[in-house]
Amino acid sequence: LMTQYVEQSSKRTHFDDHFMYILNGWDYGQAGTMNNKISGMPTIDGSILEESKGTSGGYYVRWNGKGIVVNPGANFLKYFHEQELFIKDIDYVIVTRCEPEYYQDVKAIYNLNYEHNTLSKELHIIKYYLNEATFEALSTQLKPRFKQERHSIQCLDLYQDSPDVETVNLDDVITLDYFHTLPSSSQNGEASKNIGICLRLKKGTSFDKAQEHDFLVIGYLSGVPWDASLAPHLSNSDIIIGAFEQTNPNDYNKVEFNKNSLGYHGTYNLIDQVNPQLFIFSEFKGQEGDIRLEVAKKLRQDFAYKKNHQTVTLPGDCGMYIELKTL
């Protein structure tokens, strides 16, 4: 099977560049019927399972011949291969959340790349950039097997005396900015372990003398409650992907914010203060049923009277394709 896989990937003659796939969604079984045991979504009679598993998967960005994966949870590789992508199309893996369900497929990516490298004529190296908790959980499992893989695993550390934003150069034209998702510490005095990120994609060939308008910026937040410090970190974002997760009457009516997720009120504030060209809300828990279209309609209604807001708001689901140069 691996021999066929390597041969199939080597025979591909054309591959798009400068795009993003949303590969996060609810799992669907045969004939488009939802697998309720996995998704926790409504059964055919409309009832809700007590344990809602929510969406799974992750995100894939392709820019200047490099592939970037963000938070590859359960089913990521399944969704990834359904788009006719191969393991050699992954160059960087970024994990921003501490919960295992958001990095469940990292080890599978690592193992598949090893199997691919044993049969392929060219060695393919994947670099891993992991938040502190994920680094502690996975670093011993992602040990280099080839000399060229040395230093391929990096911890995205944040310290008390860190600047507001830390920056890592992934490539000559790709940088990763990451930051605390709370100003400096949470209410119990512990630093927030989940991080927010911005991918800064240079439209030219290098960073030399680059101005802000020479970049396409993709911001991503997950497992994050609304906080006023988020907007400045994402202020230059052209695209923002926000994990909606869940809502309740007070959140939906903008009475108070969720304590552990953006929800509706946090999503609204983020759009209002940053005003990106495109906002994709994703990662629904599913306790309320499938409310994605209702959320999209309500957001558009709430912003309809604000003429200075041109943000397009869309629910993200598995297979959504965005051409990054034209949006």
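The values are calculated or read from the model by the stated rules, or taken from the named source; none is laboratory data. Note that the coordinates shown come from a computational prediction; the quantities given were computed from them, not determined experimentally. As a convention, Cβ positions derive from the backbone with ideal geometry for all residues, glycine included, and neighbour counts pool all protein chains shown. Calculation scope for accessible area: heavy atoms of the full protein, side chains included, ligands and nucleic acids excluded. Shrake-Rupley method; radii C 1.70, N 1.55, O 1.52, S 1.80 Å.
Can you tell me which condition Phe86 does not meet? The list is (1) touching a helix residue (DSSP H, G or I) at 6+ places or on another chain (Cβ under 7 Å); (2) within 25 Å of Gly196 (Cβ to Cβ), and all the others hold.
Result: Phe86 fails condition (2) only.
Given the condition open to solvent by less than 50 Å² (accessible area, probe 1.4 Å), of a type in the set (D, E, K, R), on the phi > 0 side of the Ramachandran plot and out of contact with any helix residue (DSSP H, G or I) (no Cβ under 7 Å at 6 or more places or on another chain), answer yes or no: does some residue in region 268-283 qualify?
yes
Could you tell me whether Lys203 is at pLDDT below 75 and farther than 20 Å from Ser229 by Cβ?
No, not satisfied.
From the list Tyr128, Tyr114, which one is within 24 Å of Leu221 (Cβ to Cβ) and aromatic (Phe, Trp, Tyr)?
Every option except Tyr128 fails the conditions.
Please go through (1) farther than 23 Å from Ile322 by Cα; (2) among the polar types (S, T, N, Q); (3) over 18 Å from the mean Cα position of the chain (by Cα); (4) modelled with pLDDT under 95 for Asn250 and return the number of the only condition it doesn't satisfy.
Unmet condition: (4).
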